[in-house]
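Q: Let me give you the structure first, and then I'll get to my questions.
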Amino acid sequence: MTGEESLRPQSLMLTFLGDQVLGRDVCVYSGSVIDVFSRAGIGEQATRSTLTRMVNRDLLRRQREGRRMYFGLTERSEAVLRDGERRIWQTGAVNRHWDGTWTLLGFSLPESWQRQRHDLRSQLTWSGFGPLFNGLWIAPGEVDVSALVAELGLSAHVKVFRAHADTGMDIGQMIEETWELSDLAGHYEAFVRRWQPWEDDVPDADDAPPASGRGDPHLAALVLRLRLQTEWLRIVRRDPRLPVEHLPDDWPADQAEKTFRAVHDRLSPLARDASERLLDLVPARPQA
């Protein structure tokens, strides 16, 4: 896909695991992962390094079967994947059912706590917040940040409220001042440009990635769907899901979501066939 943004191996790995392992109580052979990722243009060493890092971060667990090493999910990775699954298939990219509630979070940290301030702002952005003022952040809806704040050790320095805007408040202007709407819209528009050609087509032999030897449209579909889902999840994770009635009339999220679902449906039958042929899966044993 021309113009495609670079996708991190770990992001692709999480997508792969969410597709092939989540909810099935199985582990996948490392050789199968290496094979699929090589056909997505990621070398064996990079794939092995990604698997090792994810084990060290408690995102994967190892399970040996004879001479073969298999990898399965941990509680942590399952939670991450369930969140991604919810954002893609349940929450969606367009917030049409906002009830007028905002979550306000205020914090005051010592000047020397630069790292803690950076970590808090990063986590708030991930959770859909934007900076209303320097120490006051806001997100649409009721957002539970208690676990996030506790994990950062900042519970004593943070105050959280639920609120509604006063009558006459220009919410649309507030949104434009708080979030970078043009950047977010640009990501959706670029996604549509990249993927819309696949809405009415399926891969043929020439669409297979070069590393695959160009000859298997099922494999091409598997790799394309892996990239499709990874890119889409990256975009929707950036999106705070602002109420659509206060966004520009030409907001591109709805068209982008339609494109994602249409291409996913188009690629899935071929991709499933490829995964059934390529992947070596074994039942996950209880951890000691």
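The values are calculated or read from the model by the stated rules, or taken from the named source; none is laboratory data. The shown structure was predicted, so the numbers you read here are calculated from the model rather than taken from an experiment. Positions of Cβ are backbone-derived with ideal geometry, glycine not excepted, and every protein chain shown enters the neighbour counts. These accessible areas exclude ligands, DNA and RNA; they are computed on the full protein's heavy atoms, side chains included. Shrake-Rupley method; radii C 1.70, N 1.55, O 1.52, S 1.80 Å.
Q: How many percent of the alpha carbon pairs in the stretch 1-157 exceed a separation of 29 Å?
A: Result for the distance tail: 37 percent.
Q: Could you give the nm distance between label points at ARG121 and PHE133, where each point is 7 Å from its Cα heading toward the beta carbon?
A: 1.7 nm
Q: Comparing MET13, MET54, MET69, which has the greatest mean-square fluctuation in the GNM of the chain with Cα pairs linked when under 10 Å apart?
A: Between MET13, MET54, MET69, it is MET69 that shows the largest mean-square fluctuation.
Q: Related question: Hey, in the GNM for the chain with a 10 angstrom Cα cutoff, which one of GLY135, GLY168, GLY106 fluctuates hardest?
A: GLY168
Q: Turning to a different aspect of this structure: Hey, with R₀ at 35 Å, roughly what FRET efficiency would ALA262 and LEU181 work out to, going by the Cβ-Cβ distance, to 0.05?
A: Computed FRET efficiency for ALA262 and LEU181 comes out at 0.90.
Q: Which label marks the calculated value of percent of Cα pairs over 25 Å apart, given the options (i) 49; (ii) 55; (iii) 61?
A: Among (i) 49; (ii) 55; (iii) 61, the one derived from this structure is (ii).
Q: Further question: How much accessible surface does HIS187 have with a 1.4 Å probe, in Å² rounded to 10?
A: 50 Å²
Q: Further, regarding this structure: Excluding ligands and nucleic acids, what accessible area in Å² is computed for PHE161 using a 1.4 Å probe, to the nearest 10?
A: That residue has around 120 Å² of solvent-accessible surface.
Q: Using alpha carbon centroids, what distance separates the stretch 215-288 and the stretch 4-55, in Å?
A: 15 Å
Q: At a Förster radius of 25 Å, what calculated FRET efficiency corresponds to the Cβ-Cβ distance of ALA165 and ARG86, to the nearest 0.05?
A: Using R0 = 25 Å, I get an efficiency of 0.40.
Q: With each pseudo-label sitting 7 Å past Cα toward Cβ, what's the ASP58-GLN196 distance in nm, one decimal?
A: Rounded to a tenth, the inter-label distance reads 4.5 nm.
Q: Another one. State the antiparallel share, in %, of DSSP beta bridges confined to the chain, rounding to the nearest 5.
A: Working: 25 of 26 bridges.
In the chain, approximately 95 percent of DSSP beta bridges are antiparallel ones.
Q: Find the percent of Cα-Cα distances in the stretch 122-270 that exceed 23 Å, and round it to a whole number.
A: On the way: 5656 of 11026 pairs.
When every Cα pair of the stretch 122-270 is considered, 51 percent fall beyond 23 Å.
Q: Test of understanding: what is the full-extension gain from GLU276 to MET69, defined as 0.36 nm times their sequence separation minus their Cα-Cα distance?
A: Numbers: separation 207, 0.36 × 207 = 74.52 nm, distance 1.90 nm.
Working it through step by step, the gained length comes to 72.6 nm.
Q: Just subtract the alpha-carbon distance of ALA147 and GLU189 from 0.36 nm times their residue separation and send over the number in nm, one decimal.
A: 11.7 nm
Q: Starting from the residue with the highest accessible area, list ASP249, ASP254, ASP170, ASP200 in decreasing order, probe 1.4 Å.
A: Per-residue accessible area, sorted high to low, gives ASP249, ASP200, ASP170, ASP254.
Q: Run the numbers on the chain and let me know its relative contact order in percent, using alpha-carbon pairs under 8 Å that are six or more apart. Let's see the in-between values first.
A: On the way: 367 pairs, mean separation 75.6, N = 288.
Relative contact order, the chain: 26 percent.
Q: Here is a further query. Please report, to one decimal in angstroms, the Kirkwood hydrodynamic radius of the stretch 108-203 built from all distinct Cα-Cα pairs. All intermediate terms of the calculation are to be shown ahead of the outcome.
A: Values: mean 1/r = 0.0618 Å⁻¹.
So the Kirkwood estimate lands at 16.2 Å.
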